[in-house]
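Reviewing the structure listed below.
The values are calculated or read from the model by the stated rules, or taken from the named source; none is laboratory data. Nothing here was measured: the structure is a model prediction, and the numbers come from that model. Ideal geometry is used to build each Cβ from the backbone, glycine not excepted, and the neighbour counts take in all protein chains shown. Ligands, DNA and RNA are excluded from the accessible area calculation, which covers all protein heavy atoms including side chains. Shrake-Rupley method; radii C 1.70, N 1.55, O 1.52, S 1.80 Å.
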Amino acid sequence: MFANAAQALEGLLFDGMTIAAGGFGLCGIPENCIAAIRDAGVKDLTIVSNNAGVDGFGLGLLLETRQVRKMISSYVGENREFERQYLAGELELEFCPQGTLAERLRAGGAGIPGFYTKTGVGTVVAEGKEHKEFDGETYILERGIVADLAIVKAWKADPYGNLVYRKTARNFNPLAAMAGRVTVAEVEEIVPPGSLDPDCIHTPAVFVQRLFAGTFEKRIEQRTVRRREAA
């Protein structure tokens, strides 16, 4: 276990690396690790993440400091700086359908170099990819993703690194954790050994190399309120 994100990431960061990040929107994002990566100043990063945070928070912090060279994502809304950089040709983008992205991360973690899927056939997603027919249907080859580093956020962990996520904050975190050559987990609470029900563990400790307890802002991505009815 480590005291904070900076210590947990020490010796792992380098220019040009690929980082898989858990989270969906701002739900379940490893915000402590993202801030520490920003502060470390590494650049030319390839980030694998469902989306790119928002302006001023989440992975949006790394876009603001121009540390990201390429994003591999399924959804890139909510971030004006992302849009500006992409349209200006300053940021590479590999669009990946959401289910395909999830399976690419899982496959990489499972040691599967590639798989065939129908998703994206006949669209720009299929351009430049191998096509193959199975039972009269066309499929495209997608490659598994193995990242130099995975950063994830969990609800609870034991000292060994077994992780439990809370409800929808699970999202891409278990898949990202599998895909990293080294995985750093930030958690809300570290509980004593034996406290976690083995049947409730979402990410086994074998996938987690470094662990720390963080503090979290848990910002709301879009706050929607209902107009108060007149009495």
Those residues that are out of contact with any Asp or Glu (no Cβ under 8 Å at 6 or more places or on another chain) and of a type in the set (A, V, I, L, M, F, W, C), I need them from the range 212-223; list them, please.
Ile220
For the range 13-52, enumerate the residues that are buried (at least 22 other Cβ atoms within 10 Å of the Cβ), modelled with pLDDT of 95 or more and assigned to a loop (DSSP other than H, G, I, E, B).
Gly22, Gly23, Gly28, Ile29, Pro30, Ser49, Asn50
One residue is enough: does the range 122-134 have a residue meeting the conditions within 20 Å of Asn50 (Cα to Cα), outside any strand (DSSP E or B), in contact with a strand residue (DSSP E or B) (Cβ under 9 Å, 6 or more places away or on another chain) and open to solvent by 20 Å² or more (accessible area, probe 1.4 Å)?
yes
Test: residue in the range 91-113 that is within 20 Å of Met178 (Cβ to Cβ), open to solvent by 10 Å² or more (accessible area, probe 1.4 Å) and basic (Lys, Arg):
yes
